[in-house]
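Just below is one structure, and these are the notes that go with it.
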Amino acid sequence: MTAAAVPGTGALTAHLVRRGLATSADDLDVRTLAGGVSNDVVAVRGPGLDVVVKQALGRLRVAEEWLADPARIDTEGRALRLAGQLLPGAVPAVLDLSDGYLVIERAPDSWRTWKEDLLAGDADPSVAEQLGHALGMWQRSTAGRADVTRDFDDVTAFTQLRVDPFHRTVAERHPDLAGVIGRTVEDMAASRVCLVHGDYTPKNVLVDPSGGQPWVIDWEVAHVGDPTFDPAWTVGHLLLKSIHRPDTAVAYSAAASAFLAGLDAELAGAVRIAADQLTRQTGCLLLARVDGKSPADYLTDDQRRTTRDLARRLLTDPPATITDSWELLA
């Protein structure tokens, strides 16, 4: 994982010493990890310490103004703990959560994000299937649990970081689609079924090159909600990669099928994934990645047009199943 030296980290290192995670601030090496849009994320190394420390930002690092409650760092820590209890080894361990800092286990240097692999054309279906099984297990194990619903009932961060900048922003920019997008949001709000990660995407998956269980990170908008949201975001990003690299589209399609098969096998009917809502959610994601507040930076102008056309088709004239979307790209 890429890192760069960080100046002015006295408060952070003092916090680690105060919490008993480090013996001396002088012995710590603090480096910024690449990719932090909604958080300050640093790697900290020292005697007996090798961790990642996160602090949530109040204003995200994007071109448009995008504000969110920094208290979501507490949600992330609690969600990581729950996910790790339910599926050990599928998330980094939480070492400390206090005073606005989340301290977690750091992945080995040899690990990489699944996004890196996919952009390089490596769409390993076994990784996709593992992610499907993990998501299915988390959904099945949390569905109907009163304690989980109580602990993750707040959707403030999810609304600020997902619904407003993605669904509602694109509805404003595409008024003719406001009705179908609004229906998607209404159905999502009414579906309080199971734990939802809220950003189940390739950038938030760390892959073990030896083939072990991938880690799913960045649970800051976790909440009890619509079970179609997470699979839509995984499939949607595989569609984006197919548009970006059409020569590898068949492999991305196979990865999507493997992911959905793993999800379905784990759910075993315990949680229902509504096909029409899954397709609409995917359409909303695709449209948001070209016309929302966080556009995908790897798409060309032509690819953005293709993405926009596919998104509109999914929202207005959807195929029978979400995997049929690849036929629309042929």
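Where a number appears in this text, it was derived from the coordinates with a stated rule and is not lab data. Computed from a prediction, not measured in an experiment: that's the story for all the values here. We place every Cβ from the backbone using ideal geometry, glycine too, and count neighbours over all the protein chains shown.
General remarks:
- Measuring r between the beta carbons of Asp309 and Ala11 and using R0 = 56 Å, the FRET efficiency lands at 0.70.
- Among Ala232, Ala178, Ala249: highest mean-square fluctuation, GNM of the chain, C-alpha pairs under 10 Å: Ala178
- Fewest neighbouring Cβ atoms within 10 Å first, the residues Tyr298, Tyr200 line up as Tyr298, Tyr200.
- 3J(HN,Hα) along the stretch 240-246, derived from phi through the Karplus expression 6.51 cos²θ - 1.76 cosθ + 1.60 where θ = phi - 60°, amounts to 4, 5, 5, 5, 6, 10, x Hz, with x in place of Gly and Pro.
- Lys pairs under 17 Å by Cα in the chain, provided they are eight or more residues apart or on distinct chains: 4
- FRET efficiency for Leu328 and Gln85, using Cβ-Cβ distance with R0 set to 35 Å, rounded to 0.05: 0.30
- Difference of contour (0.36 nm per residue) and Cα-Cα distance, Arg31 to Ala274: 83.2 nm
- Gain on full stretching of the segment that runs from Asp164 to Ala178 - 0.36 nm per residue minus C-alpha separation: 3.7 nm
- Mean-position separation - Cα centroids, the stretch 134-154 and the stretch 182-233, in angstrom: 12 Å
- Ranked by the mean number of other Cβ atoms within 10 Å per residue, highest first, peptides 204-210, 127-133, 142-148 order as 127-133, 204-210, 142-148.
- CD proxy at 222 nm, helix term only [per DSSP H run n ≥ 4: -39500 (n - 2.57); per residue of the chain; nearest 500]: -13500 deg cm²/dmol
- Extended-chain gain in nm, criterion 0.36 nm per residue less alpha-carbon gap, Asp50 and Glu186: 44.6 nm
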